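Some notes on the structure that comes next.
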């Protein structure tokens, strides 16, 4: 047992033994090579993206180079990728982890000299900068979810729980195992270790981390890196990005890759980097942190640069040094590295690894170790746990609906505008209260991308699980309660069949609105803009519907919009259900009713005829079919957008 202590964290780490046979993508011929730890090599990596600029007709597309001819080798140990902001370090990490869009990407990544397998993202670990997992679940529940979907079903629940308990003990999470990961009871360091534990659940040979020390205090950052160091000493290859670490962290690195403007400044042993920079003409000041010094050189901070020029240098040498200073430091360092012995040694080793191997054509479909039903059940379990553990959303939603009920009843009783207005208010409430349904995919966008690429689940079980968790507890039950209260308080049509039909219509309106919002929530744009557009749509449709209610008809040139209006379909169906068969003058017989003045409406049929609504049952079902078709169409579009989103790295 090995102990590590800091002012904030105490991490107990025991030695774990990993068997190569546990890795499905490893063949028997790879076992001997793999026993010493996986070696990841990357050859001539170039990455370009298309950036759009301008507006409308003046819009142009410019190709921007993110990575330029990057080569290197990552061996078992701590492999750090450093560089200034926007230098390309995160892009390189994502390329190595097979989590970058292959469009615009060229080059090759090999594992032990062999092409990277199609299932590589499933069997390697990747810890995002802002962590993964659900904040409304406890630390143990997050690990249980990861184990249930990433470990094969051939493992028993007892074996999975044993692995979870061992990780909790090894990573020092015993004290917070039953606390929700997103609460104040779990520190940032413990959340980071929870994210690492979720990736270690499959015992991956290679672990990628994007800025593992971001947002952590110095002592917690050191604790995390010591933890990673101990993991790497068991034969794992740890590859991570880091911006500007303190010296106590830097001295733990085994290899260092320096990037700036997408170009390679240095790649080799971390402890030989100072020697290389000195040979290139940059000498580190005494007691300066090497990590700070490297970035100062790249950023052209003159206080960190001391050129080793001797007074007896010849004039030609002085002219060469002057010319170098005139060049951009990045270009100078890139050129210097390309001519160094480090580069030549790396090239020779890369040639050895790539000789005799078949080239990989690109990224293929990700494989999964669990069935569709298994994935759906666990996604549904997590979604309901998330709903119950999210009081900041659930409580305001219930409070809002209760407040609307009270205000609606007060308005209808005070002003008594009639049943038609009561139905109008019911439609308005359902439309605007269901717009928030789009947030279910918006809030989990990053989580969905990460879990899909890691092989947790397919798109369809995720879509259906999240959909059911949204439509049942957040839409079905509140809609039934709200509609039932209004129905009896407003003394609407006293017929059991009419009550259930009204409930069905209102649910269709709520689901049509919710699924429409989901389309926007599953996209890449900001949710605020989407919500605004949906709100504008409903305001416009409500105005048109209000014109119909007040004037009995719609402006002819706007009548075609009724076929695109969710409120119109819902309101017409509600009126047909409520007024058909109603008698507003029960004291009069049929003959007396027929003799009433034309401005007196005694039956519901007369009112519907006045509005131009067909009295046949097909009129009601036509509106219901319109809502059902819109729901199906919106769900298909949402699913297709999720498929596009999972490919949008």
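What is the residue count in the stretch 233-273 for residues that are surrounded by fewer than 21 Cβ atoms within 10 Å (Cβ to Cβ) and within 30 Å of the chain's Cα centre (by Cα)?
3
Given the conditions (1) in a helix (DSSP H, G or I); (2) at pLDDT below 85; (3) touching a strand residue (DSSP E or B) at 6+ places or on another chain (Cβ under 8 Å), report the number of the one that residue 360 does not fulfil.
So the condition that residue 360 fails would be (1).
Being within 17 Å of the chain's Cα centre (by Cα) and buried (at least 21 other Cβ atoms within 10 Å of the Cβ) is the filter here; which residues of the stretch 456-480 pass it?
If the condition is that a residue be within 17 Å of the chain's Cα centre (by Cα) and buried (at least 21 other Cβ atoms within 10 Å of the Cβ), then 456, 457, 461, 462, 463, 465, 466, 467 are the ones that fit.
Can you name the residue in the stretch 481-495 that is outside any loop (DSSP other than H, G, I, E, B) and either without any contact (Cβ under 8 Å) to a residue 60 or more places away in the chain or out of contact with any helix residue (DSSP H, G or I) (no Cβ under 6 Å at 6 or more places or on another chain) (or both) and is also surrounded by the fewest Cβ atoms within 10 Å (Cβ to Cβ) among such residues?
Looking at the filtered set, the residue picked out is 488.
Pairs please, first residue from the stretch 623-643 and more than 26 Å from residue 577 (Cα to Cα), second anywhere and exposed (fewer than 15 other Cβ atoms within 10 Å of the Cβ), Cβ atoms under 8 Å, 6+ apart in sequence or on different chains.
Listed pairs, sorted by first residue: 639/460.
Those residues that are part of a helix (DSSP H, G or I) and either touching a helix residue (DSSP H, G or I) at 6+ places or on another chain (Cβ under 9 Å) or over 20 Å from residue 455 (Cα atoms) (or both), I need them from the stretch 84-116; list them, please.
Correct list: 89, 90, 91, 92.
Any residue in the stretch 503-522 that is modelled with pLDDT under 85 and within 30 Å of residue 117 (Cα to Cα)?
The answer is yes; a qualifying residue exists.
Could you check how many residues of the stretch 210-225 are surrounded by fewer than 20 Cβ atoms within 10 Å (Cβ to Cβ) and touching a residue at least 40 places away in the same chain (Cβ under 8 Å)? Lay out the reasoning, then the answer.
The first filter runs over the stretch 210-225 and keeps only residues surrounded by fewer than 20 Cβ atoms within 10 Å (Cβ to Cβ), leaving 211, 214-215, 217-219.
After this cut, where a residue has to be touching a residue at least 40 places away in the same chain (Cβ under 8 Å) as well, the list is 211, 214, 217, 219.
Going through the stretch 210-225 one residue at a time, the tally reaches 4.
State whether one or more residues within the stretch 129-138 are under 21 Å from residue 209 (Cα atoms), touching a strand residue (DSSP E or B) at 6+ places or on another chain (Cβ under 7 Å) and in contact (Cβ under 8 Å) with a residue 60 or more places away in the chain.
Yes, the stretch 129-138 contains at least one residue that is under 21 Å from residue 209 (Cα atoms), touching a strand residue (DSSP E or B) at 6+ places or on another chain (Cβ under 7 Å) and in contact (Cβ under 8 Å) with a residue 60 or more places away in the chain.
Taking interchain pairs and intrachain pairs at least six residues apart, which have beta carbon atoms under 9 angstrom, with the first residue in the stretch 26-48 and at positive phi and at pLDDT below 80 and the second assigned to a loop (DSSP other than H, G, I, E, B) and crowded, with 17+ Cβ neighbours inside 10 Å?
Pairs that qualify, where the first residue is at positive phi and at pLDDT below 80 and the partner is assigned to a loop (DSSP other than H, G, I, E, B) and crowded, with 17+ Cβ neighbours inside 10 Å, are 37/76; 37/205; 37/235; 37/236.
Checking the condition within 30 Å of residue 536 (Cβ to Cβ) and touching a residue at least 24 places away in the same chain (Cβ under 8 Å), which residue from 437, 498 passes?
Among 437, 498, only 437 is within 30 Å of residue 536 (Cβ to Cβ) and touching a residue at least 24 places away in the same chain (Cβ under 8 Å).
The values are calculated or read from the model by the stated rules, or taken from the named source; none is laboratory data. Treat the numbers as computed from the prediction; the structure is a model and nothing was measured. Every residue, glycine as well, gets a Cβ built from its backbone with ideal geometry; the counts of neighbours run over all protein chains shown.
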